[in-house]
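Inspection log for the structure reproduced underneath, given as structure tokens.
The values are calculated or read from the model by the stated rules, or taken from the named source; none is laboratory data. Predicted model, so just to flag it, every value in this text is computed and none were measured. For neighbour counting, all protein chains shown are included, and Cβ atoms are generated from backbone atoms with ideal geometry for every residue, glycine included.
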Amino acid sequence: MTTTLDPKKNHLLAALPDAEWQRWKPQLEQVEMPLGLVLSESGRSLTHVYFPITAIVSLLYVMENGASAEIAVVGKEGIVGISLFMGGGTTPSRAVVQSAGIGVRLKARMMLDEFNRAGPVMHLLLRYTQSLITQMAQTAACNRHHTLDQQLCRWLLLSLDRLEGNELVMTQELIANMLGVRREGVTEAALKLQESGLIRYARGHITVLDRAGLEKRSCECYAVVKKESDRLLPDRLAI
């Protein structure tokens, strides 16, 4: 039996003014988010927007040949489905659950109506969208200019920020798909981090042993994204 979680564990929902929260609360539906669940597909209209609570969702850009690479991650700090209220309606990216958990969803029509009120909800969502765009831009720069083990450090830190503990359940193959690289490259990078005492990796479980060391080993990209998130969003949203 699924445990009912407080929707306000999602930072965007926690930041809603009381009047908006009272309108939203009866319409929010808790949903399970198993690993690999596709929440939105490239080019398709959204029926709901999703607010992860304990799950992490990857936004992936998928090429014509089926290859993919992650452009951003969304967890308890955010929302999946910004194309709905940004006016595009659809997006060329795919949203896939990368770490299983629980979230809540809201019907697309209500989300659009709330945004079009042009009140606090609109301003909150626009600030979140700017922080997400920063993450996307920094990811593109990181993938072009930094080493694979630096990219892996950044990716682990972003994921860790969105989880309660220090352990991720993630296969090397899945990480390779997220980063858009070969599995052998991830194996080598993970081994370097393990030999340095930063992580422990066994049978799809990654345990971060030294977060400070991981931040030091990472490129500047993680800090840039974190700083911009803290600047744009209220304390309850910042990760």
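Structure values in brief
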| read-out | value |
| --- | --- |
| Considering residues of the stretch 39-67 that are buried (at least 18 other Cβ atoms within 10 Å of the Cβ) and of a type in the set (S, T, N, Q) only, the residue nearest to Lys9 (Cα to Cα) | Thr54 |
| Residue tally, condition assigned to a loop (DSSP other than H, G, I, E, B) and exposed (fewer than 12 other Cβ atoms within 10 Å of the Cβ), over the stretch 202-216 | 1 |
| From the options Gly180, Gly119, residue that is surrounded by 15 or more Cβ atoms within 10 Å (Cβ to Cβ), small (Gly, Ala, Ser) and under 30 Å from Gly88 (Cα atoms) | Gly180 |
| Residues within the stretch 4-38 that are surrounded by fewer than 11 Cβ atoms within 10 Å (Cβ to Cβ) and touching a residue at least 60 places away in the same chain (Cβ under 8 Å), tallied | 2 |
| Options Thr187, Thr139; residue that is part of a helix (DSSP H, G or I) and more than 28 Å from Pro92 (Cβ to Cβ) | Thr187 |
| Those residues of the stretch 161-175 which are free of Cβ contacts under 8 Å to residues at least 60 places away in the same chain and surrounded by fewer than 20 Cβ atoms within 10 Å (Cβ to Cβ), in sequence order | Gly165, Asn166, Glu167, Thr171, Gln172, Glu173 |
| Meets criteria (at pLDDT below 95, within 19 Å of the chain's Cα centre (by Cα) and part of a strand (DSSP E or B)) for Arg94 | yes |
| Top-ranked residue in the stretch 69-82 [being over 10 Å from Thr129 (Cβ atoms) and outside any strand (DSSP E or B); ranked as nearest to the chain's Cα centre (by Cα)] | Gly75 |
| Some residue of the stretch 153-168 being assigned by TED's automatic domain parsing to the domain that holds Ser58, within 18 Å of the chain's Cα centre (by Cα), of a type in the set (Phe, Trp, Tyr) and assigned to a helix (DSSP H, G or I) | no |
